[in-house]
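The values are calculated or read from the model by the stated rules, or taken from the named source; none is laboratory data. Bear in mind that the values here come from a model prediction, so they are computed numbers and not experimental data. Methodologically, a virtual Cβ is constructed for each residue, glycine included, from the backbone with ideal geometry; neighbour enumeration extends over all protein chains shown.
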Amino acid sequence: MSSFQERLLKVIPGGAHTYSRGYDQYPTNAPQILSRGKRAYVFDHADNRYLDYGMGLRAVNVGYAEDEIDEAAIRQIRNGNNLTRPSMIELEAAELLVGMIDSVDMVKFTKNGSTAVSAAIKLARAFTGRELVARCADQPFFSYDDWFIGSTPLTRGIPQETIQQTKMFRYNDIASLEMLIAEYPDQFACVVLEPAALECPALGADTSGCCGQALCTRDYASSTDNYLQQVQHLCKKHGIVFVLDEMITGFRWHMKGAQHIYGVTPDLCTFGKAMANGFAVSCVAGRREIMELGSIDFEGRERVFLLSTTHGAEMSGLGAFVATMDFMQRHQVVEHLWNYGQKLITMMQRQAEAHGIADYFKVGGVACSPYYLTQDTTGASSLALRTLFSQEMIRNGVMMPWIALSYRHGEEELAITERAIDITFAVYRKALDEGVDKYLKGPVIKPVFRKYN
C-alpha cells in the first residue's frame, strides 16, 4: 500500500496546502499525516500521541478542540453558516474587534493572512497613488501574492515589473529604511513589517535583542523613539502608509496587539492566526479614511475593489473568534503564554548548559513566542542539526518544528518537554563530537524559500 506521503503528493501539489507543512520541513520519522488534535497534543493515523509545539502553524493559542469555542462555531453553523445578507455574528465580531484594537476604526474579514496583507497593500496604493512597497527583509512571510513572493528567490511566474515594485529594509535598522526612502523619493505607498519576531524593537541604548523576561521589562509605555515609533514617524513625514502585520503577534503579545505594548498606531494592521483558535479568520483593519476607500456609500467617488469573498464572513469562524476572545480574557491566556514561555526558555537553556551545548543550541526571543537556533562547531547555522533535534524530539513524543505556545501547555507538558530535551541533547552532543551524519536518519530539512526543489 502506498504511504500517506505518496498519496498526498499524487493529489496535492507539494503534498500539503501550506509549504511549511510539507514533508521537506520535517525529519523522516515525523508522522506523515495527522488525524486529530486535543488540547496541546496531536494524534497520527494510528492514534500515536505527540505533544505539539507547532499548534496549527501558530493558529491555535488556546488548545485543539476546545469545547466552548467549538460549540460557538457549531451554533453559527446551525444558524445557516453563510447567509445572503450580512449576519448578526458578522456585526458582533466587527464591533468587538473595533472596540478592542485602539488603532482600528473599520475591519474587513477574510479567511487567511495573505489576502489580508495584500488588501492592505492595495488600500495603501489607492490612498497614496504610489506603487512601491517597502517590506522588512528579516521577517519570513507576509503573503503568497506576487508583490511579496517576488522579493524571495521564488520568482518563477512573476512579472519583472512586479518584482521591482517591492524593496527591502532591515529590522531595528532605521537607517536602512531612511536610505530606501531617499533612494525612491515619493514612490513608496507603504511600509510593511511585523512589530516583532526574533527580537523586540530597539529602545534607546538597548539596540537589539529581547529582555528575556516573562513580562517585558523595557519601558515601552513611556518611550517616544523605539524602533517602531521611528518607523511610524518616518512614514508620517513622507506620506507613507504604515502597515503593521500582527498575524503572529496579535492576541499573543497583548489582547490589544503588540502595537499597544510598543506604543504605535499603525494606519493599517492585519490579524489572523490566533484570532479564532484555529478557525479560518483573518482581517485587515485600520483608519477609517483608508479603509472606507473600499466602501460603496460615497456617491460619485471612484471605488477600490477591496476584499469580496463569499466565505470571508463565514459565521462559524466569526462565532469562534468571539468565543476565543471571551475565553482568552476570562482565563488570562496572554499572561499564561508569557509565563510558560519564560519557564520553557529557562529550562531549555539549563539543559543546554548541562549537556555542554549552550554554544551550539540557543533558545531565546520574546517569552510568549520563543525561538531556538541550531549551530555547528564553527558557529554557523545548521539545518542538519535542526533536523536531528526535531528527529530526536519526535522520537521522544514531542513535535517542535518551532515553538508556538498555547493555554493548554501546562506543568505536565513542561515536564514531558524537559524529559525529551534531556534525551535529545545527549544525542545532539554526540553529533557535535562525532558528526551529525552518524545520528541523522534521512535527508536534511530544506528552506521553504529556495530557488530549486
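Under the condition of being assigned to a loop (DSSP other than H, G, I, E, B) and either of a type outside the set (A, V, I, L, M) or over 30 Å from GLU66 (Cα atoms) (or both), the residues counted in the range 271-293 number 5. Residues in the range 294-303 that are surrounded by fewer than 17 Cβ atoms within 10 Å (Cβ to Cβ) and either of a type outside the set (D, E, K, R) or part of a helix (DSSP H, G or I) (or both): 4 in all.
Taking the listed residues THR374, THR346, THR378, the one that is among the hydroxyl-bearing types (Ser, Thr, Tyr) and part of a helix (DSSP H, G or I) is THR346, with no other qualifying. Looking only at residues of the range 393-419 that are without any contact (Cβ under 8 Å) to a residue 40 or more places away in the chain and assigned to a helix (DSSP H, G or I), we find that the one that is farthest from the chain's Cα centre (by Cα) is ARG419. With the structure loaded, tell me whether PHE43 is assigned by TED's automatic domain parsing to the domain that holds ALA276 and not charged (D, E, K, R) or whether it fails that test. Answer is no for this residue.
Among the conditions (1) charged (D, E, K, R); (2) surrounded by fewer than 16 Cβ atoms within 10 Å (Cβ to Cβ); (3) not assigned by TED's automatic domain parsing to the domain that holds GLY257, the only one that ASP326 does not satisfy is (3). Determine if the range 255-264 includes at least one residue that is under 22 Å from ALA197 (Cβ atoms), outside any helix (DSSP H, G or I) and touching a Phe, Trp or Tyr at 6+ places or on another chain (Cβ under 7 Å). Yes, some residue in the range 255-264 is under 22 Å from ALA197 (Cβ atoms), outside any helix (DSSP H, G or I) and touching a Phe, Trp or Tyr at 6+ places or on another chain (Cβ under 7 Å). Checking each residue in the range 141-177 for being part of a loop (DSSP other than H, G, I, E, B), surrounded by 15 or more Cβ atoms within 10 Å (Cβ to Cβ) and not hydrophobic (A, V, I, L, M, F, W, C) picks out SER143, TYR144, ASP145, GLY150, SER151, THR152, THR155, GLN165, TYR171, ASN172, ASP173.
Residue by residue, here is whether (1) assigned by TED's automatic domain parsing to the domain that holds TYR41; (2) in contact (Cβ under 8 Å) with a residue 40 or more places away in the chain; (3) under 14 Å from the mean Cα position of the chain (by Cα) holds:
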site: HIS233; (1), (2), (3): no, no, no
site: PHE242; (1), (2), (3): no, yes, no
site: MET247; (1), (2), (3): no, yes, yes
site: TRP253; (1), (2), (3): no, yes, yes
site: GLY263; (1), (2), (3): no, yes, no
site: PRO266; (1), (2), (3): no, yes, no
site: PHE271; (1), (2), (3): no, yes, yes
site: ALA274; (1), (2), (3): no, yes, yes
site: ASN277; (1), (2), (3): no, yes, yes
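Checked against the criterion of being touching an Asp or Glu at 6+ places or on another chain (Cβ under 7 Å), in the same structural domain as GLU413 (by TED's automatic domain parsing) and in contact (Cβ under 8 Å) with a residue 24 or more places away in the chain, the range 341-359 contains one or more residues that satisfy it.
Per-residue answers, yes or no, for (1) surrounded by fewer than 22 Cβ atoms within 10 Å (Cβ to Cβ); (2) aromatic (Phe, Trp, Tyr); (3) in contact with a Gly (Cβ under 6 Å, 6 or more places away or on another chain); (4) at pLDDT 95 or above:
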{"residue": "ALA285", "(1), (2), (3), (4)": "no, no, no, yes"}
{"residue": "ARG288", "(1), (2), (3), (4)": "yes, no, no, yes"}
{"residue": "LEU318", "(1), (2), (3), (4)": "no, no, no, yes"}
{"residue": "ILE345", "(1), (2), (3), (4)": "no, no, no, yes"}
{"residue": "ALA358", "(1), (2), (3), (4)": "yes, no, no, yes"}
{"residue": "PHE361", "(1), (2), (3), (4)": "no, yes, no, yes"}
{"residue": "ALA367", "(1), (2), (3), (4)": "no, no, yes, no"}
{"residue": "GLU392", "(1), (2), (3), (4)": "no, no, no, yes"}
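Listed by first and then second residue, the pairs with beta-carbon distance under 9 Å, at least 6 apart or on different chains, first residue in the range 292-307 and on the phi < 0 side of the Ramachandran plot and among the polar types (S, T, N, Q), second part of a loop (DSSP other than H, G, I, E, B) and at pLDDT 90 or above, are SER295/ARG301; SER295/ARG303; SER295/VAL304; SER295/LEU306.
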